[in-house]
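The values are calculated or read from the model by the stated rules, or taken from the named source; none is laboratory data. Since we're looking at a predicted model, the values are computed, not measured. Cβ atoms come from the backbone with ideal geometry, glycine included; neighbour counts cover every protein chain shown.
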Amino acid sequence: MVEQNLLLLLVLTPFVSAALAATLPIGARNAEAWLAGLTMIVALVILGVLYPAVTEGRSITGTFRWVSSIGLDLTFRIDGFSWLFMVLVAGIGFLVILYARYYMSPDDPVPRLYSCLLAFAGAMSGLLLSGNIIMLVVFWELTSIVSFLLIGYWFQRQDARDGARMSLIVTASGGLCLMVAMIILGQIAGSYDLDAVLAAGPQITSHRLYPAVLILFVLGAFTKSAQFPFHFWLPNAMAAPTPVSSYLHSATMVKAGVFVLLRFHPALGGTDAWFQIVTGIGLTTLLLGAVTALFRHDLKGLLAYSTISHLGLITALAGIGTPFALVAAVFHIVNHAVFKASLFMAAGIIDHETGTRDMRRLSGLARVMPVTAALAIIASGAMAGVPLLNGFLSKEMFFEATYVWNNGGSLDSFAPYVAVLAGAFSAAYSLRFIVKVFFGPPATDLPQEPHEPPLLMRLPVAILVAICLAVGMFPQQVLGTWLQTASLAVVGPELPHFSLKIWHGVNPPLIMSLIAMTLGALIYLLPRRLIDSGEDGTRLMRRLDFARGFDWLLQNLTIRLPRFALRVLSANGLQSQLRAMVLLSLAGAWFVLRTLDWNVPMPELGASELVFALLWVVGGTCAIGAAWQAKYHRFAALVLMGGAGLVTCATFVWLSAPDLAVTQLLVEIATTALLLLGLRWLPKRNEEIAGDNNLVARSRRSRDLLIALACGSGMTALALAVLLTPPGASVGDWFLRNAYVEGGGTNVVNVILVDFRAFDTFGEITVLAIVGLTVYALLRRFRPAPESVERPRPQLDAEEQALEAYLFVPSVLMQWLFAPIIALSAYLFFRGHDLPGGGFAAGVTLAVGLLLQYVAANVRWVEARIIVLPVRWMASGLTISAAVGAGSWIFGYPFLSAHAQYLDIPIIGKVPFSTAMLFDFGVFSLVMGAIVLMLIAIAHQSLRVAPRARPVEPSEETN
């Protein structure tokens, strides 16, 4: 149980810290850095505690029940592989946070940066530790969203906005493909549990849907790890701050794709299709990235294409899929994360201290920045695969994997040659990085005078470079045990014996490495004029840059295609669009209703049914009258609509549905008041179109009447089919039997809303919050048309003054009713679990009370005396409901599980209490806040346009 709680803490701690960091003021860089750094240290300590348990191939699993009926539980799982990845996330994350403290300007919104970095760490932790493949995809998409925020951190820059949008579209689209693949995988394996899926490898690879699953799966992995042809998003993401590039685009996010390739290799790998697709794309990306990096003049651009190339190397190893190749892939993941993070930080230091990243302007920095130069040169050597550095060892393992593996295919025969050629270009661009930036004559065209950065800004680079040296010279002692543990979790019992040594004798991998380095030096020395020319890459490289193709596709999908669809499918006016929507709904309803069995006995009709029919005659008359009066008088139409609503309310009472009746009545009052406030801003009606003598208008109204009759008849048929369901055949009977036993309440409707179907209710109040905020945002920018017939007049005429005097008494009564309405709201809330009422009805009731105050008095007069703060009510309500739902996890129950019991209160005695009441209070807060927020938006719109006739404050009279 302790280990399970540690797993949960490992995922939740970064999210909690992210929320705290977001609340810190701008300029408090030390506070945010301390908070984020301590969070990473806590993660490292937890990983240290868990390490003994994950050795020798063991895994720790903690399951928190959620929706177990469909296999969707919150399961966290850690083994040697995910443990090693988590060490990269937390360890490099700590160094990036220290680096960012000195890199970022005090004028930047640093709290937002640290908050997003911590949220990304949490999302990445959830991805690595997910034991449920559906939840893995949820965290996968969350990394894309947070990455979007980080890449667009400097949103005032066009390149940052474009890069963020591009990365989100590409990676999130791949995530959708991955989601479909995971759903199919779960269906094939019979479970969404990761261990069950990995164990079902033969069953999956022999299934007829395996090709489709494989394509969808690799699309998700390739888009995240920037594999060809989706590699273009990564260089465009370099608009992010350098700490973000060091963390996301070298060590963590881009490694997520290769992580899932290695993680799911037991389930999907080992087939010819896997080898051809994964290895082929990996080798293509390896060579393309290496060649393109040589021609980049921007330091981060060169490192971005280098990252693409190394990710292709790891992907090719995952495609080869031999136990030795998988070990090499794990080893290179660690090595690349270390030396590439240090290089990105070094590039950031150069940019920070010189004011440019253009290699054509940089030269001779080793004289003025000797320590930074030494660190960057060592890291570049590791990137090139120079002996005695960590990159050399994993590169040799890659060469050996391509040389030894032979399945008789043409791709297999070309693999060693592609590996050597890519290694040569890797050495060439690493050599160019060193020579162009740090050697040669001193640079004279720099925006700033270069100098060494502060010690603590350089310290993270030094630590990472020291790791490169330590692993390169003492690999077995430094990393051997960890690599053994991680590889065992990937390969399983078939893990071969391997020894990390510097010297293995003169063998083919060593010869391949020497050829690659020699050829790399020649590549750099021979075409110097081509490489150093003003053109940023060759014509071929520009053609292979799919960013232009992405822009073309995006422009066609988001601009040209919608315009074409608008021309073809659009209708003039809102009524036409609503008519099309209603007709589509009608067609769908008919498709369902035609399959029902209508051979059911009709009930006997008596005097009571006749009264009921007369009641509906009144309601139908009001509805028809509302449609008729809408031509002439909108206020009269609104009143008649209210009459139809009251008949509906009476129908609910008649059919023994008091909860629905209460809710209908309250919602009628609230919506009528809101419509009254907004009615004045409707534009003038076109009398020529709306006139009775217009043939087009008459035909339109006749058509709408037929549609309304068809829809009404369909709803009647549907309601009749439900009402005539034989007893015992409806799910409602189960709710009636179990409402009190399982939910602790006798009001079945409320128990369903806050217990049995609480998750639905939680989703509905979330939507209501979004709607309320959207309405408020739209009305803040709304400006009434000048031709509005209901526009208030600047001066009160005699008739209006008499009307205001006549309404003085009702307005006073509405103010006096405020206290009774509050009491009524509390009464409905506390009785809701056993009698008609509940949080929704109570929230609407209190909102109606506030509505009456706005109607009875001036907006400013009310807000000077009643401070509502609806957004805080909404936020509090959503937070309370979510917290109540998550609280059940503490006791090992699914999300939103309720508990009911009797509490013994002194003097009062035993009273019923349920945790669902707390959830219902969240519903109450959010409903009240959302309605009042929309009310305030409309009321302030009126105040903005007509700032007249308001009570004068005493202070103003004095002044």
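Matching residues to (1) polar (S, T, N, Q); (2) on the phi < 0 side of the Ramachandran plot; (3) without any contact (Cβ under 8 Å) to a residue 40 or more places away in the chain:
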site: Asn5; (1), (2), (3): yes, yes, no
site: Leu12; (1), (2), (3): no, yes, no
site: Pro25; (1), (2), (3): no, yes, no
site: Asn30; (1), (2), (3): yes, yes, no
site: Leu38; (1), (2), (3): no, yes, yes
site: Thr75; (1), (2), (3): yes, yes, no
site: Met86; (1), (2), (3): no, yes, no
Pull up the stretch 131-175, narrow it to residues that are of a type in the set (D, E, K, R) and in contact with a helix residue (DSSP H, G or I) (Cβ under 8 Å, 6 or more places away or on another chain), then point me to the one that is surrounded by the most Cβ atoms within 10 Å (Cβ to Cβ). Glu141
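Yes or no, residue by residue, for (1) assigned to a loop (DSSP other than H, G, I, E, B); (2) at pLDDT below 80; (3) in contact with a strand residue (DSSP E or B) (Cβ under 8 Å, 6 or more places away or on another chain); (4) closer than 27 Å to Ala673 by Cβ:
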| position | (1), (2), (3), (4) |
| --- | --- |
| Asp597 | yes, yes, no, no |
| Val600 | yes, yes, no, no |
| Leu605 | yes, yes, no, no |
| Ser608 | no, yes, no, no |
| Phe635 | no, yes, no, yes |
| Val639 | no, no, no, yes |
| Cys649 | no, no, no, yes |
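Yes/no per residue for (1) in a strand (DSSP E or B); (2) surrounded by 15 or more Cβ atoms within 10 Å (Cβ to Cβ); (3) of a type in the set (Asp, Glu); (4) under 25 Å from the mean Cα position of the chain (by Cα):
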site	(1), (2), (3), (4)
Gln4	no, yes, no, no
Val16	no, no, no, yes
Ala21	no, yes, no, yes
Thr39	no, yes, no, yes
Val42	no, yes, no, no
Thr75	yes, yes, no, yes
Val87	no, yes, no, yes
Ile92	no, yes, no, yes
Being at pLDDT 60 or above, of a type in the set (Ser, Thr, Tyr) and over 24 Å from Leu675 (Cβ atoms) is the requirement here; does Ser881 meet it? yes
For Ile377, indicate whether it is buried (at least 24 other Cβ atoms within 10 Å of the Cβ) and of a type in the set (Val, Ile, Thr). no
It is to be established whether one or more residues within the stretch 757-772 are out of contact with any strand residue (DSSP E or B) (no Cβ under 7 Å at 6 or more places or on another chain), modelled with pLDDT of 85 or more and not in a helix (DSSP H, G or I). yes
Considering the stretch 441-495 alone, what residues qualify as being more than 30 Å from Ala267 (Cβ to Cβ), touching a residue at least 12 places away in the same chain (Cβ under 8 Å), not in a helix (DSSP H, G or I) and not charged (D, E, K, R)? Pro441, Pro442, Ala443, Leu446, Pro447, Gln448, Pro450, His451, Pro453, Pro454
Out of (1) touching a Pro at 6+ places or on another chain (Cβ under 8 Å); (2) assigned to a helix (DSSP H, G or I), the one Ala347 does not meet is (1)
Among the residues that make up the stretch 883-892, is at least one of them more than 19 Å from Leu72 (Cβ to Cβ), in contact with a strand residue (DSSP E or B) (Cβ under 7 Å, 6 or more places away or on another chain), in the same structural domain as Gly832 (by TED's automatic domain parsing) and hydrophobic (A, V, I, L, M, F, W, C)? no
Leu150 being within 12 Å of the chain's Cα centre (by Cα) and either in contact (Cβ under 8 Å) with a residue 60 or more places away in the chain or under 21 Å from Trp233 (Cβ atoms) (or both): no
Determine, yes or no, whether Ile78 is modelled with pLDDT of 85 or more, closer than 27 Å to Asp193 by Cβ and of a type in the set (Val, Ile, Thr). yes
So which of Asp272, Asp298 ends up being surrounded by fewer than 24 Cβ atoms within 10 Å (Cβ to Cβ), under 27 Å from Leu554 (Cα atoms) and charged (D, E, K, R)? Asp298
Going through the stretch 864-920 in order, the residues found to be assigned to a loop (DSSP other than H, G, I, E, B) and closer than 29 Å to Gly849 by Cα are Ile866, Ile867, Val868, Leu869
When the residues of the stretch 353-365 are narrowed to those that are crowded, with 19+ Cβ neighbours inside 10 Å and not polar (S, T, N, Q), which ends up nearest to Phe433 (Cα to Cα)? Met359
All positions within the stretch 198-228 that are assigned to a helix (DSSP H, G or I), polar (S, T, N, Q) and farther than 23 Å from Arg77 by Cβ: Thr223
Quick check on the stretch 883-920: of everything there that is surrounded by fewer than 17 Cβ atoms within 10 Å (Cβ to Cβ) and small (Gly, Ala, Ser), which residue is nearest to Leu846 (Cα to Cα)? Ala883
Criterion violated by Phe120 - all others in (1) out of contact with any Leu (no Cβ under 9 Å at 6 or more places or on another chain); (2) in a helix (DSSP H, G or I) satisfied: (1)
Report, by residue number, each residue of the stretch 653-668 that is at pLDDT 85 or above and in contact with a Leu (Cβ under 8 Å, 6 or more places away or on another chain). Val662, Leu665, Glu668
